[in-house]
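Step one of this worksheet: look at the structure below.
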Amino acid sequence: MRQRASGRLVLGLVIAVVIAAAATVVAETGPGGITITEIAMASSMLNGVPETTATSFPRTGGWIYCFVRLENPSAAETSILVSFERATSGDPAAGVTGTPLAVPARPRYRTFARTGSQKPAGSYRCVVRDSAGSVLESTPFEITE
């Protein structure tokens, strides 16, 4: 009987160590823990994914889509912010707001935001931020006359 009890104790300790290690990994990922695995620009979407990706769009082209595929290791409900900004030298600034897009409680998710192409010709970028405003990823695109 003692052997069974000590076996259960050892098993219980092993489980506690595994749970503690997993909690440490989640804590190191940080709040939200979202990772962008793909970001692409497109002029049309089909069933939630880009039909054809592009980096240049005419001013008379209609909608411009920024497609985002992400991993959410915590599988907790959260949100991301997507903005379309004039490209300037350097990295995008943190803390800038954008359109909030809900991320459901899933480990992987894909979504998109859109903007009109009637902006002045020039260099732009689609910037994805976490809910706190920290930049996760960005991709450049051009609007042409």
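The values are calculated or read from the model by the stated rules, or taken from the named source; none is laboratory data. Quick caveat: nothing in here was measured; it's all calculated off a predicted structure. Cβ coordinates were reconstructed from backbone atoms using ideal geometry, including for glycine residues, and neighbour counts include every protein chain displayed.
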Problem set entry | Pairs where the first residue, in segment 79-91, is within 27 Å of A102 (Cβ to Cβ) and the second is assigned to a loop (DSSP other than H, G, I, E, B) and hydroxyl-bearing (S, T, Y), C-beta under 6 Å, 6+ apart | S79/S131
Seminar exercise, completed: Of the residues in segment 81-95 that are in a loop (DSSP other than H, G, I, E, B) and touching a Lys or Arg at 6+ places or on another chain (Cβ under 7 Å), the one that is nearest to R69 (Cα to Cα) is P92
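Residues checked against (1) surrounded by 15 or more Cβ atoms within 10 Å (Cβ to Cβ); (2) farther than 13 Å from T35 by Cα:
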residue: T55; (1), (2): no, yes
residue: T60; (1), (2): no, yes
residue: I80; (1), (2): yes, no
residue: A93; (1), (2): no, yes
residue: R108; (1), (2): no, no
residue: F112; (1), (2): yes, yes
residue: R129; (1), (2): yes, no
residue: S134; (1), (2): no, no
Seminar exercise, completed: Among (1) touching a Leu at 6+ places or on another chain (Cβ under 6 Å); (2) hydroxyl-bearing (S, T, Y); (3) at pLDDT below 95, T88 falls short only on (1)
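Quickly run through segment 64-81 and pick out the residues that are within 11 Å of the chain's Cα centre (by Cα) and not charged (D, E, K, R).
Of everything in segment 64-81, those that are within 11 Å of the chain's Cα centre (by Cα) and not charged (D, E, K, R) turn out to be F67, V68, L70, N72, T78, S79, I80, L81.
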Exercise. How many of the residues making up segment 52-71 are without any contact (Cβ under 8 Å) to a residue 40 or more places away in the chain and farther than 25 Å from Q118 by Cβ?
Worked result: 1
Exercise. With respect to G30, is the statement that it is modelled with pLDDT under 95 and either of a type in the set (A, V, I, L, M) or on the phi < 0 side of the Ramachandran plot (or both) true?
Worked result: no
Seminar exercise, completed: Restricting segment 86-139 to residues that are farther than 25 Å from S44 by Cβ and among the acidic types (D, E), the one farthest from the chain's Cα centre (by Cα) turns out to be D91
Exercise. Checking M45 against (1) within 15 Å of the chain's Cα centre (by Cα); (2) surrounded by 14 or more Cβ atoms within 10 Å (Cβ to Cβ); (3) modelled with pLDDT of 95 or more, which single condition isn't satisfied?
Worked result: (1)
Exercise. If you check T60, T111, which single one turns out to be assigned by TED's automatic domain parsing to the domain that holds A132 and in a loop (DSSP other than H, G, I, E, B)?
Worked result: T60
